[in-house]
Amino acid sequence: MDKYAVIGNPIKQSMSPDIHAAFANETGQDMEYGKLFAEVDGFKGVVDQFFADGARGLNVTAPFKLDAFEYADELTERARTAGAVNTLALQGDGTLLGDNTDGAGLVSDIKQHLGWVIRGKRVLILGAGGATRGTLLPLLEEKPAELHIANRTAQKARQLAEDFSGYGSITASGLDAVPDGFELIINASAASLSGELPPLSPRALAEGCCAYDMVYGAQPTPFMHWATGLGAEVSDGLGMLVGQAAESFALWRGVRPRVEPVLGMLRERLLNKPDSEEK
C-alpha cells in the first residue's frame, strides 16, 4: 500500500488524513495517509526516514514549507515563484518534485465551486506575505484585467508586484491608497486570524463584487461580514483547503477527485467543532 502523510508542527488538528481518505475511497486508490510531527529543526531527518521507508508523497504545512522548498530535487514553476513547497512527490527516477498547490486550490474553488469569474476582472488581493506569494502565479495565469496587491507596508507589496511583473498586469499600494472598483477581492492577510478587519475603503468594492477570505471557520470572518454588508457575495477559504489537497492527490495518483462531497463533510465538522484548525 502506497504511503503518504502531512508533516507540520503542530499537526494534531490536521484534517488532511480525512480529506485524502475520502479522495482515495471515491477514486478507488490503494493508499494510506498519516500525520508526521517534527521539531522545528527536525524536518530533514523525519522526511529522510519517511521516504527511506518507501513513502510516495508528502504534504507540508507550517512551519516547514521553506524547508520543503530547499529539500526538493526539482521544483514546479508555481513552487519556484511561490518560494515555498507544500507537496513533495516521488518521481520515477527516485528524485523528489516540489510543488505548491495552494494557488491552484484557490483558483479552482473560485471558478469551479463558487462559479466566480477571474478572467478580465479587476482583482484586489490583501496582504503581501507567503499566502499571497503562493497564489499570484495561478491568479495571473487566469488573465485578470488587473491584479492589485495592497499591504499595510506598501513597499513590501510593491516588491512583490515587481517580482511577478513578468507574468501579467500587476500593481501595488498601501492599504490606505487602494484604487476604487474591484470586482474580486481576496483577503490573504492575517487580519481574520486575530478577528480583525483590514482597513479597506468601501469604495474598493465594485457593484456586484465577490469577496473571498482565505481563513475559514464555523462563523463568517469580520472581512466577510463587512463585505456582505456592502452587498458583496462572500466565501471563506475552506474550499481552498480541499482544492489544494485535490491538486496534490492528482499529482500523486494521476486522478482528480471531486471536492464537493469532502467540502460538505468538512463544513459539517466545522459547525460541530468551531475550534477546528487548518491542516
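Based on a Kirkwood Rh over C-alpha pairs, give the Stokes-Einstein translational diffusion coefficient of the stretch 103-236 at 20 °C and viscosity 1.002 mPa s in µm²/s. D = 149 µm²/s.
If you average 1/r over all unlike Cα pairs in the stretch 174-279 and invert the result, what Kirkwood radius do you get in angstrom?
Values: mean 1/r = 0.0663 Å⁻¹.
Kirkwood radius, the stretch 174-279: 15.1 Å.
Each of TYR33, TYR167 was scored by other Cβ atoms within 10 Å of its Cβ. Listed from fewest to most, they are TYR167, TYR33.
At a 10 Å Cβ-Cβ cut-off, how would you order TYR216, TYR4, fewest neighbours first?
Values: TYR216 23, TYR4 26.
Ascending Cβ contact count within 10 Å gives the list TYR216, TYR4.
If you add up the charges near ASP2, with Lys and Arg at +1 and Asp and Glu at -1, over every other residue whose beta carbon is less than 14 angstrom from its beta carbon, what do you get? If you can, show how the numbers build up before the last one.
On the way: positive: LYS3, ARG56, ARG253; negative: ASP30, GLU32, ASP53.
Result for the neighbourhood of ASP2: 0.
Taking the convex hull of the alpha carbon positions in the stretch 11-130 and averaging its projected area over all directions gives 9.5 nm². Measuring nothing but how far apart in sequence close Cα pairs (under 8 Å, 6+ apart) lie, relative to its length, the stretch 82-153 scores a relative contact order of 32 percent.
Based on other C-beta atoms within 10 Å, arrange HIS225, HIS20, HIS148, HIS113 from fewest to most.
Listing HIS225, HIS20, HIS148, HIS113 from fewest to most nearby Cβ atoms yields HIS225, HIS113, HIS148, HIS20.
Find the relative contact order for the chain and round it to a whole percent, using C-alpha pairs within less than 8 Å whose residues are 6+ positions apart. Walk me through the numbers on the way to the answer.
Numbers: 575 pairs, mean separation 47.0, N = 279.
Relative contact order of the chain: 17 percent.
Separation of the alpha carbons by more than 31 angstrom is noted, of LYS111/LYS156; LYS65/LYS143; LYS65/LYS111; LYS3/LYS273; LYS143/LYS273; LYS35/LYS121, for LYS143/LYS273; LYS35/LYS121.
In plain terms, the C-alpha convex hull of the chain casts an average shadow of 14.0 nm² when viewed from every direction.
Read-outs: derived from the displayed coordinates by stated rules, not from any lab. As the structure is a prediction and not an experimental result, all values here were calculated from the model. Backbone-built Cβ (ideal geometry, glycine too); neighbour counts: all protein chains shown.
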